[in-house]
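Below you'll find the structure, written out as structure tokens, and then a few comments.
Every read-out reported here was derived from the displayed coordinates using simple, explicitly stated rules and does not represent laboratory data. None of these values were measured; they are calculated from a predicted model. Quick reminder, even Gly has a Cβ in these numbers, built from the backbone with ideal geometry, and neighbours come from all protein chains shown.
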Amino acid sequence: MISSEVGYNSKVEGEVIVTKADAVINWIRKHSVWPMPMGLACCAIELMASAASRYDISRFGMEVMRFSPRQSDCMIVAGTVTYKMAEVVRRIYDQMGDPKWVVAMGACASTGGMYRSYAVMQGVDTIVPVDVYVSGCPPRPEALLDAMMKLQDKIGREPAVKNLTQTAKSTDLVG
Amino acid sequence: MIDDDFVRSLLNRFSFLALRHQTDCLTLACPADSVADFARYLRDEETFDLLVDLTAIDHGETADTRFSVVLHLYSLIHRAYLRVHVDCPDNDAPEVPSLSSIFPAANWHERETYDMFGIQFSGHPDLRRILMWDEYPYFPLRKEFPLAGIDVPLPAADVAEVTGADVDPAPMMGGPFVSPGSGRMSESEPRAKDESWTEETIKQS
Amino acid sequence: MSTTTKEIQVGDIGARAATHSENERMALNVGPSHPTTHGVLRLMMELDGDLITKCDPVLGYLHRGDEKIAENMTYNQFVPYTDRLDYLAPLANNVAYALTVEKLAGVEVPPRCEAIRVLVCEMARISSHLLGMGVFGMDAGAWTPFMYTFTEREKLYTLFEELTGARFTTSYTRIGGVARDIPDGWLPRVEKFCDQLPKAIDEVEKLLTRNRIFLDRTEGIGAISKEQAIAYGITGPNLRASGVDLDLRKDKPYSGYDQYEFDVPIGTKGDCYDRYLVRIEEVRQSILIIKQVIANFPGGLWYAEDAKKIFAPPKEKIMTNMEELIQNFMIVTEGPQVPPGEVYFEAENPKGALGFYLVSRGGGVPYRLKIRAPSFCNLSILEELAPGHMLSDITVILGSLDFVMGECDR
């Protein structure tokens, strides 16, 4: 945050930093992404493993895995999405407040995985817009953490102030 | 003990039974109308009180009896399994009496068999789909149903409207490659068994 | 300073509310996305205040069409799908499936392969029970046992990764053997893990077993009687906690289980607490079995050498000899050739008895494969078990039944 370009001199400016609003807002958002774990199948176990003590996801501020969509920022779709479950995934996505991101964890959530059958939706991006795809069956917790870091980079590049002035998308099922 | 005496006494007592084989466990064939009484006898008199599995087989559209329901029972005393094949009398509207009053475990197994094959179980308290959604119009495990599935609308109409999603047949290109094993060499190359979405066969809709 | 006490009759208000809503039931929908359910299970419940009067489980949210997929794949191509059935103990599923196909094909595997399979099955049992009990504690409100058991599971994952290449979802067995032999130095590492595991289990037990809160939440809740358990087709630790002595490793031993000495814990009351105790004791017995396997580990091959059309020959021979090359080609493209017939085989999985009913019409692809999932049968009792309990008991009951939706829905 403090760079030489700003010419920060604490004796002159006191404890004041001048920067872009986008930078601050994105910095705050990306370091406290609260995931909504949509743990459906085996990938949920790796999600739990990444939240456990060995691959501590709490280092990134993401250990708050409350299963309430109203309180979360990022929906991690971990596992196979069947057509029967699609409605539920979409409804929960709509209940999340803006700004929200989706991580499709694993092969099944990204493209249907090895289940090319009548009951499996070939990728969750048919019903929700996905920001990061993680490959693997299941992806290692390190891969998931790498994906969360990429998500953090993506959040860092967002035009936050411009988005603040936009109205909510009218295509949401829940207002 | 499941020995020859046991088998002989069973066959003598119930004239409608037929012995199919005894390769891995005793396998009997029982007609649909007597299966309830036979199951009750097995549970009460012969200690086969654990219903391990109840499922069905689709023998193909051209077979004489297309569907047969298969039960597996286990006896803790004999420490042995017993398999009963029940042929469904009607190929177009297969129906078999329900065993859920004798074995409560059969309740969900019969719902699943109905869901996958379309076999009706008469006397079942609540025969509805269990694995697919209630309005699904097909029976997936029948042999003529393609693995990739058939185009149907998504179960939730409002989600379908918003997202434009649909229950699409899964893309099978590059699918599991299995060689049929017989026929001419040029035709027995490994290819995806279900070709419901290739240039040669038209996508089912 | 004197305080004046004023008596407030709160009881009247409560009583009035009760009489007012005496016959009003509330419909509550739990799930499918809910932290207390072990996967995507939906419970449509009817409540009378806090008391459950009706509970209708809705499954199928993870139905992926495994049985239909099996009819389109060769026997070896289906092994990864068996991993994802009970995804907490994938190696046990692999072994059960391989044993089924080998039973139909009439293949006898050598003692080393049997010992490897017993070893990984027991390690998978430890892994599954550790997670089951950690999450059971979490459902009852205790976060710490979850963290402790997950740490132990991570050590198991490291061992699995060394053996098979994947942390879980291992796809380790093949028809006629296992994919590769155990690496050097792996057995001593397994032994070291087993030596330090009892201490970790003791810590979890110290936190839960005599914990007043845990006892209050689990004792007497969700009691399943012997007759009920057998009538509903329940198997595994749930059945044994209700007092029925059925363990397929002892009653119908497979893969050399009869060589090892171990006890089978049986419960008395069949409530949630008994199911928890049975699982903890099963972990301790699994440690004993693993130690015995390692002590008497046989040498030799890890695959059936004489299964010509079923197990592919070793790679060195394939790359240099014509006959082995053709054999490998046929097995890979057409699949292991299994004679026509039908077979049913059940293995004692950590969740219960996982059974495969295989109907083959010859060739390398099954005609019909039915997966008898223990979680499907264990869950069927919920409709009868839940009514009469409080709403907050549902989480404890579900946690103690220890089911997995991947297996239940297939």
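List of remarks:
- Each of C:Tyr357, C:Cys408, C:Ser380 was placed along the dipole of the stretch C:276-410 (beta-carbon charges, centred on the mean Cα), and the one lying farthest toward the positive end is C:Tyr357.
- Mean separation of Cα pairs under 8 Å and 6 or more residues apart, divided by the residue count, gives the stretch A:71-163 a relative contact order of 27 percent.
- D (Stokes-Einstein, µm²/s), Kirkwood Cα radius, the stretch B:4-122, 0.692 mPa s at 37 °C: 226 µm²/s
- Other residues whose C-beta falls under 13 angstrom from the C-beta of C:Val95 contribute a net charge of -2, scoring Lys and Arg +1 and Asp and Glu -1.
- Comparing B:Asp37, B:Asp49, B:Asp24 in a Gaussian network model of chain B, where Cα atoms under 10 Å apart are tied by springs, the biggest mean-square fluctuation is seen for B:Asp24.
- Take each residue of peptide C:150-158, count the partner chain Cβ atoms within 10 Å of its Cβ, and average: the result is 3.
- Bridging of C:Lys308 to lysines at a Cα separation below 19 Å is possible for C:Lys103, C:Lys317, once same-chain residues fewer than 8 apart are set aside.
- In nm, spacing of pseudo-spin labels at B:Ser188 and B:Glu95 (7 Å Cα→C-beta vector): 4.6 nm
- Note on B:Phe16, C:Phe136: ascending count of other Cβ atoms within 10 Å places them as B:Phe16, C:Phe136, the fewest first.
- Approximating the spin labels as points 7 Å out from Cα along Cα→Cβ, the C:Leu207-to-C:Glu161 distance works out to 2.3 nm.
- Spin-label model, C:Gln228/C:Asp56: points 7 Å from Cα along the beta carbon direction are separated by 2.1 nm.
- Using the Cβ of C:Tyr254 as centre and a radius below 15 Å, the other residues enclosed give a net charge of -3, where K and R count +1 and D and E count -1.
- A helix-only calculation puts chain C at -15000 deg cm²/dmol for mean residue ellipticity at 222 nm, using -39500 (n - 2.57) for each DSSP H run of at least four residues, averaged over all residues.
- DSSP beta bridge pairing in chain B, given as percent antiparallel to the nearest 5: 70 percent
- One Cα centroid belongs to the stretch B:68-94, the other to the stretch A:47-112; the line between them spans 43 Å.
- Size of charge dipole - the stretch C:67-395 - debye, nearest 20, with Cβ of Lys, Arg +1 and Asp, Glu -1, no other charges: 320 debye
- Listed residues A:Glu46, A:Glu15, A:Glu63, most fluctuating in chain A (Gaussian network, C-alpha, under 10 Å): A:Glu15
- FRET efficiency for the pair B:Glu144 and A:Arg59, taken as 1/(1 + (r/R0)^6) with r the Cβ-Cβ distance and R0 = 60 Å, rounds to 0.65.
- Trypsin sites (Lys or Arg not before Pro) restricted to the stretch B:97-162 and DSSP loop, no more than 13 other C-beta within 10 Å: B:Arg128
- Rel. contact order, % - alpha carbon contacts under 8 angstrom, at least six apart, chain B: 13 percent
- For the protein assembly as shown, the antiparallel share of DSSP beta bridges with both residues in that region comes to about 70%.
- Per-residue Cβ neighbour rank within 10 angstrom, fewest leading, C:Arg217, B:Arg79: B:Arg79, C:Arg217
- Listing A:Thr126, C:Thr320, C:Thr74 from fewest to most neighbouring C-beta atoms within 10 Å gives C:Thr320, A:Thr126, C:Thr74.
- Between B:Thr163, B:Thr27, B:Thr113, the residue with the greatest mean-square fluctuation in the GNM of chain B (Cα pairs under 10 Å linked by springs) is B:Thr163.
- Treating r as the C-beta distance of B:Gln22 and B:Thr62 and R0 as 25 Å, the FRET efficiency rounds to 0.30.
- Using a Förster distance of 35 Å, the FRET efficiency for A:Arg91-C:Met147 (Cβ separation, nearest 0.05): 0.65
- Crossing angle, helix C:10-20 versus chain C [Cα axis fit, 0-90 degrees, rounded to tens]: 60 degrees
- Beta bridges per DSSP with both ends in the stretch B:4-122, % antiparallel, nearest 5: 70 percent
- Of the cross-linked pairs A:Lys84/C:Lys269; A:Lys84/C:Lys54; A:Lys150/C:Lys68; C:Lys54/C:Lys250; C:Lys226/C:Lys250; C:Lys226/C:Lys291, those separated by over 27 Å at the C-alpha level are A:Lys84/C:Lys269; A:Lys150/C:Lys68; C:Lys54/C:Lys250; C:Lys226/C:Lys291.
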